[in-house]
Structures are given as structure tokens and as C-alpha cells.
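Everything below concerns the one structure shown next.
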Amino acid sequence: MQKNENIVSNIIQFYIPSIVSFVLGLVSAIVLTHMFAPETYGLLNIFNNTSTLLLAISYLGLDSAYIRFYNEPPKGVTTKDLCYSLLSICSIFLISFGAIITLFFYEPFSERILGITSRLICSLLFFNVFAQLIIRFFLITYRMEMNTKRFSIVTILSQIATKFCVVIAAVLSSKIDIVMVFNTLGILLIALFLLGVYSNNIIPKKKKLIIDHDVIRYGVLEALSPIIIQLNLFFVQQLIKHRFGMEAVGIYSSANYFLTIFGVLQSGFATYWSAYVYGKYKTNQETIKKAHNYLLIAVIFVYGLMILSRGLVYLLIGKGFHESKSFYALVLFYPVLLLLTETTGCGIHIAKKNHISLIINICSVCFNIICALLLSPSLGLKGIAFSYGVSGLFYYSMSSFFGQKFYKTIPTLGRSICGLGILVAMFTISYFFSGFTLYTGIIISILVGIVMFRKELFDVYVLLNRRMKALWKR
């Protein structure tokens, strides 16, 4: 019981910045959908998603290698040496790539991807990516050290800076150049502050570039998976832009923004979980197994409540974006399953079978692309959202199947399948029904989940009760 309390307690601590980010993102989405036209909002989201894709490329998989080898670094190499070397390689690649694009190819690059021609916006894009790259290695260091305080502060400040600056830009001007400048300025200031004040956290006194074959090989094989995941979302936006126009991108992005917010919740869990699993998988397998059920009931609750609250959410956001209400729950399904995969697919990475993860990601993206191309002519944006959600189900199923072959993390397969069945039922109900039938179906699904995972809910209640009593005594 004590181990259960510790793991739940640690996850909750790492979730604090994710919850703050969730709230900030929700408020930001509400404000910006009132202040921006769908076309401007769509362009801002394409800029941010392109930034995320370029960031995934710039990592070269070395951020994952840093996490994997933090507790088992190469012989004679300190963790700071490892961090400095991997960050340096990523930075050199990004600066070189960014300089070539900005100086020589900014016209076709910005026109093809963003739909406008601008050297300034192209430059801002790479500055944005560079700032996120720096912050990423700081956050990895803090999470692997289990330094929840600094991790939380940096994460929350980054979110506040980004969201606050965009809102300021919206107040000052709706010109896209101004919006993009402020969108990049906030995150860049945080990165420069970290480098100026806390560089000793990740950079050794004696700087030396270390290139270890095993680390680089792991990173390169791992690199393609996050790139392909980002390409999945990038392709969807480009398909909408070319088939339905920039206004449709803005409408889809209003629902897609909640996908991003849910992704923050996923990263909050992954932040703690990957560090814990890589450090404890040899000794704490039973504890790792129990975490799957805790996460499953939490996901059922969150997904259900977000569907039930969509009426309230769409009362708050701008009227020009209300068309996305019909596929809001469909878009959320992919990140829901991505979050669950953190507990079921980790065996692939423990066994260092990155190629399997890569194949699964490629198949998932191809599945999404084919379905979206087939369904979008007749079903429009709802067909694209449905395709994206179903591709998430394919990804989860395959990752879980192979993950369990290498390392068992599911305590009871039957309960896990039933929990997945509840999520699929919510997804299906959201596609076919609305109004009273929708709300009734979702509430029943949540109640079934409560009954099925009542033991896990009782454990969480006991933990929270003890914490509240301890706080009261203070």
C-alpha cells in the first residue's frame, strides 16, 4: 500500500504543471477564438504545429536517448557530459538547417507550409524551435532528478509566457507578423533566462563533445517515431488547408487545441513515468503493473467529463468556431490512447526494440492518411476527425500487444480490455449521437468504469484523505 501511495503521490506532483497548463490553454483558447478570425487562428496553429514538427526533427531522437541513458550512461561519462553533448549535436543541426532555409529557401518553405511568403515568420519559426529545444533538455534533467519544484516552475513559466504573449498580441493587433513575434518572444525569453542563470544544471565545467555509438544509434532509431507522430497531425492540417481552406483549418484547430491541451496531460504523466520505469523496471514490476489501472480509470473520468462539458466550453469560445463541436470528442480520442500507451507499450523501449515502435507509427499514420482521404470528401471535417481517432486505436492496440511481449505491465488483461471498451463506447456514442442520448451514454460509461475500478478509486481516496489530515495537523 505504501508503494502505491508513493507512486500516486509522485505522479500527482508532476501533474501540477500539467494541470496549470491545461487551465491556461483552455482560457487562452476561449480568449483567442473571440479575438481572432478563424483564418488567423488557423495560421497560428499551423505555425505552432510546424514548430512542433521541426522540434521533433531537431531532437534527432537524442532527447529520448538522454532519458534512456541517464541512469545508465556510457562508461566514464557523467550525466552533464551526456546532456551537453546531445544538446550540442541537436543545436548544431537546427542552426545549420534553419540558416539554410531562412537564407535561401524561405519563399517556397513559408508559402508551401504556411500559405504566406515571409522571411520574418520563417526566422521566428526556427527561433521558436531553438527555444523549445533548450527548455526540453532542462526539463528532462529536472524530471530525471525528480526535482518536481524546478520542473514545475519552468513548465508553468513557459506556458504563461507563451499564452500571455499571444493574448497581448491579440489585444495590440490582429496582424499576423505581430502575433508571430509575440508568440515566439515569450518562449525565447524563458530559454535565455535558463541559459543565463541555470546553465550549470546541464552544462559541465569542462566542456567536451562525446559521441557514443550506442547512444546515437538508440537516438536515431527513436527519432523517426515522434517525427511520424507529428507528421500525422501536420498532414491533417495541410489536407484541410488545401481541400477546405484556411478558415476550415481555424475551425478544426479550435477542437484540435483541446487535443493539444490533453497532450499536456499526457506529457505530465510521461514526465514522471518514463523516468520511474527506466530506473525501477528491474525491481518494481508489480508496482508498475498497478499504475496501469490507476491511469485507465483516470482517463475514463477525464475523457467522459470533457465530452459532458463540451456544451459549456462551446458557450465560451467564439461563435465562428462552433462547427467543431460535432467532432470535438473524436479529435480527443487519439491523445487519450496515446496517454494509456505510456503504461502498456513501455516494454518496447525497455527492450530497446525501437524499430517496432517505428513500424507501428508508420502504419498508424498511413492508416490515418488513407481513411482521411477516403472520408473527407463525403463527411468533411468530421470524417478527418474520425480517421484520426481510429488511427489512435490502431496505434494503442499494436503498441500494447508488442509492449506486453517484452515486459508485462497489465495486471489483468480482461479488466484492461473492458476499460478500453468503455473508451471506445464513448467515442462511438460521440460520433452517432447528440443531446440527451449522448449525455446519458457517457454518464453510464463513467458509472461502469467506477464500478469496475472501485478498488483503485478507494486507494486514491485513502491517499488524499491522509494527505488532507496531514495538512490539517500542520
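None of the figures in this text is laboratory data; all of them are computed from the coordinates on show. If you're wondering where the values come from, they're calculated on a predicted model, not measured in any experiment. For neighbour counting, all protein chains shown are included, and Cβ atoms are generated from backbone atoms with ideal geometry for every residue, glycine included.
Which entries in the list Lys163/Lys353; Lys208/Lys290; Lys149/Lys290; Lys280/Lys455; Lys280/Lys405 go over 30 Å, if you measure between the two C-alpha atoms of each?
Numbers: Lys163/Lys353 38 Å; Lys208/Lys290 42 Å; Lys149/Lys290 26 Å; Lys280/Lys455 24 Å; Lys280/Lys405 18 Å.
Long pairs (Cα-Cα over 30 Å): Lys163/Lys353; Lys208/Lys290.
Could you grab the relative contact order for the chain? Cα pairs under 8 Å, six or more apart, rounded to a whole percent. Don't jump to the answer; show the numbers that get you there.
On the way: 580 pairs, mean separation 102.2, N = 474.
It rounds to 22 percent for the chain.
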*Quick one: order Thr117, Thr102 by neighbouring beta-carbon count within 10 Å, fewest to most.*
Thr117, Thr102
*asked:* I need the calculated FRET efficiency for the pair Arg243 and Ile362, taking r as the beta carbon distance and R₀ as 22 Å, to the nearest 0.05.
replied: 0.40
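Can you put Met180, Met452 in order of Cβ neighbours within 10 angstrom, beginning with the fewest?
Working: Met180 25, Met452 19.
Ranked by crowding around the Cβ, least crowded first: Met452, Met180.
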_Neighbourhood net charge (12 Å Cβ-Cβ; Lys/Arg +1, Asp/Glu -1) for Phe327_ = +2
*asked:* Suppose R0 equals 22 Å. What FRET efficiency, 1/(1 + (r/R0)^6) with r the Cβ-Cβ distance, do Thr78 and Lys408 give to the nearest 0.05?
replied: 0.10
*R0 = 30 Å: FRET efficiency of Ala37 with Leu373, Cβ-based, nearest 0.05?*
0.60
*asked:* Given points 7 Å out from each Cα along the Cα-Cβ axis, report the Ile100 to Arg112 separation in nanometres with one decimal.
replied: 1.3 nm
*By average Cβ neighbour count within 10 Å, what is the ranking of 203-209, 119-125, 309-315 from highest down?*
119-125, 309-315, 203-209
*asked:* At 7 Å along Cα-to-Cβ for each site, give me the label-to-label distance between Glu286 and Leu305 in nm.
replied: 3.1 nm
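Going by C-beta contacts inside 10 Å, put Arg150, Arg143 in order with the fewest on the left.
Details: Arg150 17, Arg143 23.
In order of increasing Cβ crowding within 10 Å: Arg150, Arg143.
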*Compare the peptides 366-378, 326-338 by average per-residue count of other Cβ atoms within 10 angstrom and give them in order, highest first.*
326-338, 366-378
